[in-house]
Structures are given as structure tokens and as C-alpha cells.
Amino acid sequence: MNTPDKIARGCPESDRVGSCAKLNVFDWLYDVKSTANTDEIVEVRFKNTRKDYFRNVNGLSLKSGDMVAVEASPGHDIGMVSLIGDLVLKQIKRHKVTMIDGEMRKIYRIAKPVDLQKWEEAIASEHPTMLKARKIAEDLKLNMKIGDVEFQGDKTKAIFYYIADERVDFRQLIRLYADTFRIRIEMRQIGARQEAARIGGIGPCGRELCCSSWISNFVSVTTNAARYQEISLNPQKLAGQCGKLKCCLNYELDGYIDAQKNFPSTNIQLETEKGNYNYLKADIFKGIFWYVRENNQPGGMVAVSVDKVKEIQLLNRSGKKIPQLTNENVVVEPEGHTYHNSVGVESIERFDQEFKNRRKKRHKPVLTRKPNSENEDQ
């Protein structure tokens, strides 16, 4: 069954999960009876990345995909049940729960047709309201951008999401919004990453943006993350769709930092009797440094292990020089050959081998010449 939310948001039908919203969670405990969630706390999602948690005080028989009317301040809101059962308690640890007077908000009822009709009207007016709100902010010459507008389900309140680099005095703006739209106004500031999460998109990796699919808390990303991982400091490649540094730069950062704890300084030249060598690049997890001779082209690179670099630097500090810097017996795999048969499975090259064998089995046709009739008579 296609719920009104799926129709309004353009979502495909899903029987088990019941939602295609951003920050969606697969309920891998859907067929397990709930034992820990005795208070029947339910996850309800709203527009884009906004979701919250409510208590099912009326004992309603709910499942993922049901449209419910929930407690709001003021009035009520309409949302979709996105998760039930014991997995909700795990999700609460990752998201902030909105409380009213220190208590968790309640689910009133399953949404009625009248509720859904008013809610669909509110959804239809969100985009025109956003465009008009941007025009009003521009007329007031405020250094801010209205990124999105979200109406409450009963159409008595609207949340205006805005982005601003500096502190903005929008008291006059709120008065104009209230007079123009005749609703209760709430201004909520978001960052560039949160705006990208609400809009969504596909990253350069070919997958959905992490901020739209699973990231709920944004951690600051600095250029040091790229430096530790020996990534080229190219702003066009390091920046995401939000214009900030990609969140994925932090994913493997801890592993790189741990691997470089005992690495020597790369700012020190290696002195030899035939000249000095400067650091060029490193293979961090293999513990290999590449050096190039001073005033020389990168083509003459020399691979040296980290332990050997430490020894040479120690000798240089004592005023000694090694005769020559030579390549060590380090295994350097060529690019493009990274397949390892580490679990005992068949080699992926077996397909090529089968093709070669087929070509070998082909026999050339035997050419026969038609016998001469005169020779046959003889």
C-alpha cells in the first residue's frame, strides 16, 4: 500500500521497512519479539533527516510505514513510523530525544483521513513558502540563506532552516514571516553539512551521501586528516557537495595515526657521501619512505625502510655519513594488482585461463583437394 507520505515524497513502496527516508535504518530484528522495549518507544520520522522518538501510551498496534499523529508543541504533528521494537533503544543512544516537561512525547492516534489531507496541503505549500521567505530575507539585506521550510502536520507552525556565517538579528524577519504566512514561526540554524544531508545526493564514490544515509552527528574535519594519509591537498577533490572537507577523510584517520607513531621526521635530509636526499612520499602501512636526491628528478626515487631511515638520521646527528643510499629489498606491488587469495578461494584469473584453453582446443580444418578424374581412371 502506498501511504500518502510515499506519494508526496516520491518514495518507492517497501513492505518491511516502510520508508525510503534519509537516515533510514534496516530493522534486522523485525521478526524477533520485543522484550527490552517494554515502554513501547517508537521511532517516527518526518521530513528529510528529522526523526524523533515517542511513547505509545495508548497501546496502538503499529508497524513500520503507519502514519501517526504525535504530540507537538503546540498542537500535533504527522509522521511515519520508521522503527519499532528493541532496535529503537539502540537508536536513542545516537539521536537526541525531544522532551516536554522532562517527559517523552506521546503518540496520539493513527492518522485519520482528515489529518492526512491537511498534512498534504501543508507539504504542498512548503516550497512556495521557502521561495517567498528567501525573497523577504533578501529585501531585508540579511546575510543568511533559507535552506528549507517544514510545516507541522496541523499547519499551525513552520520551521525555517537557515544558514548563516555570522550572527543574524532576525527579529524583524520573524515579524514579517508571521504577518505574511499567518503561522507560528521557528527559526533553526543548520550548517553546510546539515543542508547537504537534507538535500541528499550521490557522492564521488558512487554511493548515497553518508550525511544522508547514516551520519547523525557531524565531527569537524581538518586538512591534517589529509596530510596524515598522504593525500594531495587538492581542494576540488577534498571538498564534498557541501563545500566543506569530506566527512570520509576521518574514517581511516585513526589507523594512519597509529601506524605513524614511531615514524621519524620527514623534514630532515638524509646525508650521504654522494649527496643529500629529500623525502618525497611514503607507503605508511608498509613502512617505506621514498627519497629523491637533492636537485634531482623524482624518477630516481630510492625506497628505504623506516628502520633504516632512523639509523641514517642517527648517524647524521653524530656527524657521520653513509657511503650511498640504495634501494632495499622491499616488496612493492605494481598498481592494479591488488587481489590476494587470502581465504583459499579460487583465483579470479580462472576465467581468463578457461578462455585460453578453449582457444587451444580448436582444431584447424583439414583441407582436402578434389581428386583428378584422369588419375582416378588410371
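Values for this structure:
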item: Failed item in (1) acidic (D, E); (2) buried (at least 16 other Cβ atoms within 10 Å of the Cβ); (3) part of a helix (DSSP H, G or I), with E121 passing the rest; result: (2)
item: Pairs, first in the same structural domain as K90 (by TED's automatic domain parsing) and among the acidic types (D, E) in region 46-63, second surrounded by fewer than 17 Cβ atoms within 10 Å (Cβ to Cβ) and in a loop (DSSP other than H, G, I, E, B), C-beta under 6 Å, six or more apart; result: D52/T98
item: Residue match in region 226-241 (condition: farther than 30 Å from T326 by Cα, outside the structural domain of L23 (by TED's automatic domain parsing) and among the small types (G, A, S)); result: yes
item: Conditions (1) assigned by TED's automatic domain parsing to the domain that holds N48; (2) free of Cβ contacts under 8 Å to residues at least 40 places away in the same chain; (3) under 30 Å from Y177 (Cβ atoms); (4) surrounded by fewer than 16 Cβ atoms within 10 Å (Cβ to Cβ): number failed by E71; result: (4)
item: Residues being surrounded by 13 or more Cβ atoms within 10 Å (Cβ to Cβ) and either part of a helix (DSSP H, G or I) or in the same structural domain as E71 (by TED's automatic domain parsing) (or both) - total across region 148-176; result: 3
item: Test: residue in region 138-146 that is over 24 Å from the mean Cα position of the chain (by Cα), assigned to a helix (DSSP H, G or I) and of a type in the set (D, E); result: yes
item: Any hit, region 246-267, residues being farther than 23 Å from A196 by Cβ, part of a strand (DSSP E or B), in the same structural domain as Q313 (by TED's automatic domain parsing) and touching a strand residue (DSSP E or B) at 6+ places or on another chain (Cβ under 7 Å); result: no
item: Filter pass, V97 being more than 25 Å from R182 (Cα to Cα), assigned to a loop (DSSP other than H, G, I, E, B) and in contact (Cβ under 8 Å) with a residue 24 or more places away in the chain; result: yes
item: Residue in region 187-205 that is farther than 24 Å from N48 by Cβ, surrounded by fewer than 15 Cβ atoms within 10 Å (Cβ to Cβ) and either among the charged types (D, E, K, R) or not assigned by TED's automatic domain parsing to the domain that holds V292 (or both) present; result: no
item: Members of region 222-267 found to be touching a Ser or Thr at 6+ places or on another chain (Cβ under 8 Å) and among the β-branched types (V, I, T), listed by number; result: none
item: Tally, over region 211-228, of residues that are surrounded by 17 or more Cβ atoms within 10 Å (Cβ to Cβ) and modelled with pLDDT of 90 or more; result: 4
item: Residue within region 83-90 that is surrounded by 14 or more Cβ atoms within 10 Å (Cβ to Cβ), outside the structural domain of K47 (by TED's automatic domain parsing) and part of a helix (DSSP H, G or I) present; result: no
item: Near pairs, Cβ below 6 angstrom, 6+ apart or cross-chain, from region 257-273 (more than 19 Å from N316 (Cα to Cα)) to any residue that is at pLDDT 90 or above and surrounded by fewer than 17 Cβ atoms within 10 Å (Cβ to Cβ); result: A259/F285
item: G275 vs. criteria assigned by TED's automatic domain parsing to the domain that holds K320, surrounded by 14 or more Cβ atoms within 10 Å (Cβ to Cβ) and either small (G, A, S) or closer than 30 Å to K320 by Cβ (or both); result: yes
item: Qualifying residue in region 124-147 (condition: in contact (Cβ under 8 Å) with a residue 60 or more places away in the chain and either surrounded by 20 or more Cβ atoms within 10 Å (Cβ to Cβ) or in contact with a Gly (Cβ under 6 Å, 6 or more places away or on another chain) (or both)); result: no
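Condition check ((1) over 22 Å from Q91 (Cα atoms); (2) of a type in the set (D, E, K, R); (3) not in a helix (DSSP H, G or I)) across all residues:
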| site | (1), (2), (3) |
| --- | --- |
| A178 | yes, no, no |
| M187 | yes, no, yes |
| R198 | no, yes, no |
| C205 | yes, no, yes |
| S216 | no, no, yes |
| I231 | yes, no, yes |
| Q236 | yes, no, no |
| G243 | yes, no, yes |
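The values are calculated or read from the model by the stated rules, or taken from the named source; none is laboratory data. As the structure is a computational prediction, the values presented were derived from the model and not from experiment. Because the Cβ atoms are built from the backbone with ideal geometry, glycine has one as well, and the counts that use them run over all protein chains shown.
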